[in-house]
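Shown next, in structure tokens, is the structure this report addresses.
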Amino acid sequence: MRRREFITLLGSAAAAAPLAARAQSVPPMIGYLAQAKPEEIAVLVTANRNGLGETGLVEGKDYISEFRSAGGDANLLPGLATELVQRRAAVIVTLDTLAAARAAKAVTTAVPIVFATGADPLRGRLVESLNRPGGNITGISAMNLELGSKWVGLLHELLPAAKRIAILVNIENADVARMMITDTQEAAFSMGLQTEFVFASNEGEIEPALSGLGGSRFAGNCRRSLRKRILRKQAG
């Protein structure tokens, strides 16, 4: 994802605030909507604020910000998106999940929506096409989920004798998790590999998930084989 492109989209949307608001000298409001907890997206919000500053826009003078976080509960997103529309947001910015962007899209066809996601917005039913998003929504996607087949291919190359692979999935973002599972399963099936998925929704759940996985024989063998191959490549 190219930060400058995202900031340009955001700044353009904010600059297109309703003329009535400008006539009253009320700065346009940027509404941030996120499924994640506030502390988990704080760095992204700060980066956007700094980027807008680089374009000459000053918070409090040229625009104001309001934040809505679902605290990890996607079911709260539609209500929070509605609040931002009722608060007359000039633009709604979603910084994390497809669910947040879709919630905003569902409650307004007038307020511009700018999204940033790591998933495919086309497969996620967010846009009509990549070159012509359609409607009142646009944004940037890293689309790193499409690397799932590459990850499986690399693992298979490093461990050609392995018949089963384990994949750790973050289930905090249900949409992304479903896409990742589907993509990696398809890639593994094409290579004759079986898959085992372990799940975590936060940092504290990763260690228990991996510990449970470590009890299986195939996982232990994979780790030992992988370590040997890495050491062999480093030595060569």
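Every read-out reported here was derived from the displayed coordinates using simple, explicitly stated rules and does not represent laboratory data. In this text, all values refer to a predicted model and were calculated from it rather than measured experimentally. Quick reminder, even Gly has a Cβ in these numbers, built from the backbone with ideal geometry, and neighbours come from all protein chains shown.
Go ahead and run the numbers for FRET between L122 and K61, Cβ-Cβ distance against an R0 of 45 Å, rounding to 0.05.
Working: r = 38 Å, r/R0 = 0.83.
So the FRET efficiency works out to roughly 0.75.
Length available on full extension from V43 to T82: 0.36 nm per residue minus the Cα-Cα distance, which gives 11.6 nm. With 5 Å bins beginning at zero, the pair-distance distribution over Cα atoms of region 118-188 amounts to 3, 15, 23, 19, 15, 11, 7, 4, 2, 1, 0 %.
Full extension of the chain between A161 and S25 gives 42.2 nm of extra length, using 0.36 nm per residue less the Cα-Cα distance. For the pair region 120-140 / region 61-112, the C-alpha centres are spaced 17 Å from each other. In terms of packing, defined here as the mean over residues of other Cβ atoms within 10 angstrom, the peptides 25-35, 43-53 line up highest first as 25-35, 43-53.
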